[in-house]
Amino acid sequence: MGRRTRKLISGLVVLGVVGGAALWWLTKPAPRSASHWEGLGEPDLANGEQVFWAGGCVSCHAKPGAEGDARLVLSGGAPLKSPFGTFHAPNISPDETAGIGGWTLAEFGNAMTRGVGRNGEHLYPSFPYGSYARMTAKDVNDLWGFMKTLPKSAEVAPPHDLPFPYNMRMALGGWKLLFLTDKPRVRVDGSDPKLTRGQYLVEGPGHCGECHTPRNALGGFEPDQWLAGAPNPEGKGRIPNITPGSKSIGSWSASDIASYLETGFTPEFDSVGGSMVEVQKNMAKLTPAEREAIAAYLKAVPAL
Amino acid sequence: MKIRALMLAAALAGLGVTAVTAADEPQVVRQQAMKKVGAATGALAGIAKGEKPYDAEVVKASLTTISETMKTFPSHFPAGSETGHETEASPKIWENMDDFKAKAAKLDTDAATVLAQLPADQAAVGTALGGIGKDCGSCHESYRLKKD
């Protein structure tokens, strides 16, 4: 082996090690600083409940088929089909062993906003922390307080059913590096408190974009396609475009949208359907002002 | 020239034939049925919201329409009508026909029950509409697919 070849090889090895270290450092789970979750005081449970409904936790974490108050038992188990495999929502009831009752606020908050699990592992973005990342520490604290008041369940949800390579959690660091952001998705008039409130609700806790925005092959949102509609991950049909350019709801007024979220009826008195049924049940529990803010924002996003 | 005219005539005749038969296709019949239920629901909602004055006759007619339409609704889903005419029917209907029929029957019964004790004012219509709306949603949740 000539000197040049040896030099080249050792150079490549060094480069590999440095590159690997850099990649590891760039993609390792990144919780927020401890201070982010300190000094928040006693949670406001009434606000926590509003955040809970805005966040739609029950849609995935209630036991499949549960009705009425049974929906507040967040035992998990519902399957969420995706092109990457089937996810099963875990038990997030306050049970200390099966659920998350033993977690601290910081652990809960880092799961919610950074996709970092209690053991420091990456969580799958099927849990929409890519949206929840925008939530304020106060809302997370209030939500955590409210969730601790819910019934406990000792049931253990089935594990995710994912083929290789999607079963490798480490790779999720790369996904986060590429796609995880707490920046606004679109620009709206920041001087209008109704619009900024709507933006917070839709882009943050409401996580509307998770279904209504198309994704690329790696599971990140397509640029400039915010809320433009997407294939239904459950199979046939489509998740509709909800921008002002939509064929179906583009013609709705803001009050039509708010009324739909409250009652489940479209202006033509067709009714809500598909996975939106669960979402609408949650939206119905928000205050009228919150629904109006969501509607105002949806009328203000770019028409696609 | 002559051939073109002939083709045009044939195409127009074809269109005419489609237009005549389309109305009898089960996909179209059930879409019309849903529109009827939607219109009846809209009439109830107008009263519930206070946009229209309370009118016992309108309430009675609307509830009757919903109940009656539901009695025959599931019969408009014969084998072979799974696709076409921009149907939004989910394939799950044919996989779970019994459950689908049960859901239609529930709306029929619920509307008939309300009809038997006719809601006497705006607030009562609102309450009744809440129950009916749930029936709509619970069926559309599983059995309707939106195209866009």
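Side notes on the structure shown:
- Phi angles across the range A:12-24 convert, under the Karplus curve 6.51 cos²θ - 1.76 cosθ + 1.60 with θ = phi - 60°, into 3J(HN,Hα) values of 5, 4, 4, 4, x, 5, 4, x, x, 5, 5, 5, 4 Hz, Gly and Pro given as x.
- Under the convention that each Lys and Arg Cβ holds +1 and each Asp and Glu Cβ holds -1, the size of the dipole of the protein assembly as shown around its Cα centre is about 2060 debye.
- Only the Cβ atoms of Lys and Arg (+1) and of Asp and Glu (-1) were treated as charged; on that basis the dipole of the range B:26-143 about its Cα centre amounts to roughly 120 debye.
- Stretch gain in nm, segment residue A:118-residue A:192, where the contour uses 0.36 nm per residue and the Cα spacing is subtracted: 22.8 nm
- Residue B:23 versus residue A:253: modelled label distance in nm, points set 7 Å from Cα along the beta carbon direction: 3.4
- Separation in nanometres of the label points that stand 7 Å from Cα toward Cβ, at residue A:70 and residue A:177: 4.6
- Measuring nothing but alpha carbons in the range A:201-266 and taking Rh as the Kirkwood radius, the Rg to Rh ratio lands at 0.98.
- Gyration tensor analysis over the Cα atoms of the range A:38-182 returns equivalent ellipsoid semi-axes of 23, 20, 13 Å (largest first, whole Å).
- Across all C-alpha atoms in the range B:74-130, the radius of gyration and Dmax reach 15.7, 45 Å.
- Projecting the alpha carbon convex hull of the range B:99-148 along each direction and taking the average yields 4.1 nm².
- For the range A:184-304, average projected area of the Cα convex hull in nm²: 7.2
- Close amide H pairs (under 5 Å, H built 1.01 Å from N) link residue A:237 with no residue at least 5 positions away or on another chain.
- Relative contact order %, chain A, counting alpha carbon pairs below 8 Å whose residues are six or more apart: 18
- A straight Cα-to-Cα reach below 17 Å connects residue B:92 with the aspartates and glutamates A:234, B:82, B:141, residues fewer than 8 places away in its own chain not being considered.
- Contact surface A-B: accessible area buried, both sides summed, square angstrom, 1.4 angstrom probe: 1500
- Only protein atoms count toward the accessible area here, which uses a 1.4 Å probe; on the range A:38-182, the carbon and sulfur part of that area reaches 59 percent.
- With the charge dipole of the range B:26-143 set up from +1 on Lys and Arg Cβ and -1 on Asp and Glu Cβ about the Cα centre, the Cα lying farthest toward the positive end among the listed residues B:39, B:137, B:54 is that of B:54.
- Calculated on the alpha-carbon coordinates, the convex hull of the protein assembly as shown measures out at 250 cubic angstrom per residue.
- Rounded to whole numbers, the Karplus 3J(HN,Hα) couplings from phi for the range A:121-132 are 8, 5, 9, 6, x, 4, 7, x, 5, x, 8, 4 Hz, using 6.51 cos²θ - 1.76 cosθ + 1.60 with θ = phi - 60°, and x at Gly and Pro.
- Share of Cα-Cα pairs in the range B:26-143 lying beyond 18 Å, as whole percent: 50
- The 1.4 Å probe gives accessible areas that order A:291, A:215, A:185, A:4, largest first, as A:4, A:215, A:185, A:291.
- Largest GNM mean-square fluctuation among A:203, A:234, A:67, using chain A with Cα springs under 10 Å: A:67.
- For the range A:184-304, the relative contact order is 30 percent, taking Cα pairs closer than 8 Å that sit 6 or more residues apart in sequence and dividing their mean separation by the residue count.
- Residue B:35 contributes about 130 Å² of solvent-accessible surface, heavy atoms of the protein only, 1.4 Å probe.
- Summed side-chain charge close to residue A:295 - residues other than residue A:295 whose Cβ falls under 14 Å, Lys, Arg +1, Asp, Glu -1: -1
- Test item: B:129-141 mean partner chain Cβ contacts at 10 Å: 5
- Solvent-accessible surface (1.4 angstrom probe) belonging to residue A:292, in square angstrom, nearest 10: 90
- Here residue A:63 is the anchor, and the aspartates and glutamates within straight C-alpha reach of less than 14 Å, apart from those fewer than 8 places off in the same chain, are A:155, A:278.
- Whole-number accessible area per residue in Å² for the protein assembly as shown, which is evaluated in the context of all protein chains at 1.4 Å: 52
- Solvent-accessible surface ranking, highest first, for B:77, A:127 at 1.4 angstrom: A:127, B:77
- Residue ranking by accessible heavy-atom surface, 1.4 Å probe, largest first, among A:187, A:71, A:197 comes out as A:187, A:197, A:71.
- The residue list A:154, A:168, A:109 was ranked by how far each Cα lies along the charge dipole of the protein assembly as shown toward its positive end, using unit charges on Cβ atoms, and A:168 comes out on top.
- Helices assigned as whole DSSP H runs in chain B whose Cα atoms extend at least 24 Å along their own long axis and whose mean Kyte-Doolittle hydropathy is 0.5 or higher are found at B:2-22.
- Cross-link pairs beyond the 19 Å C-alpha cut-off, checked among A:247/B:134; A:281/B:134; A:247/B:147; A:176/A:299: A:247/B:134; A:176/A:299
The values are calculated or read from the model by the stated rules, or taken from the named source; none is laboratory data. Treat the numbers as computed from the prediction; the structure is a model and nothing was measured. Positions of Cβ are generated from backbone atoms using ideal geometry, with glycine treated the same way; all protein chains shown enter the neighbour counts. Note: areas computed on protein heavy atoms with side chains; ligands, DNA, RNA excluded. Shrake-Rupley method; radii C 1.70, N 1.55, O 1.52, S 1.80 Å.
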